[in-house]
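Structure first, commentary second.
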Amino acid sequence: MKIDRLIGILSILLQEDKTTAPELAERFEVSRRTINRDIEDLCKAGIPIRTVQGTGGGISIMDGYRMDRTILTSKDMQMILAGLRSLDISVDGIPF
């Protein structure tokens, strides 16, 4: 499910300094293009993600946003989930 994957990607980005789209695609068994769309959705939800192309590049959360994931309260997680769920909508009956 898309929401589960978005939360999984967010969790990985909070735990690791950097990852790549191919690594995420393999981990979640989806295409690289799907991961790119997921990253775009996370950005739309207000998560400041930084991507760098080329050798040594990757996907990370901007340094100023780093936080200890243990400080997220249940309410924080609910707000993140609500933001991500709001992206999982359809336009004219066509799902994203």
Practice problem: Considering each of 55, 51 in turn, give the residue that is modelled with pLDDT of 85 or more, among the β-branched types (Val, Ile, Thr) and part of a strand (DSSP E or B). | Solution: 51
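Every residue, every condition in (1) in a helix (DSSP H, G or I); (2) surrounded by 13 or more Cβ atoms within 10 Å (Cβ to Cβ); (3) modelled with pLDDT of 90 or more, yes or no:
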| residue | (1), (2), (3) |
| --- | --- |
| 14 | yes, yes, no |
| 26 | yes, no, yes |
| 39 | yes, yes, yes |
| 42 | yes, yes, yes |
| 64 | yes, no, no |
| 84 | yes, yes, no |
Quiz item: Under 7 Å by Cβ, and 6 or more places apart or on different chains, what pairs join a residue from the range 4-20 that is closer than 14 Å to residue 48 by Cα with one that is open to solvent by 30 Å² or more (accessible area, probe 1.4 Å)?
Solution: 14/69
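The values are calculated or read from the model by the stated rules, or taken from the named source; none is laboratory data. Because the structure is predicted, anything quoted here is derived from the model rather than measured. Ideal geometry is used to build each Cβ from the backbone, glycine not excepted, and the neighbour counts take in all protein chains shown. Remember, those area values only see protein heavy atoms, side chains included, never the ligands or the DNA or RNA. Shrake-Rupley method; radii C 1.70, N 1.55, O 1.52, S 1.80 Å.
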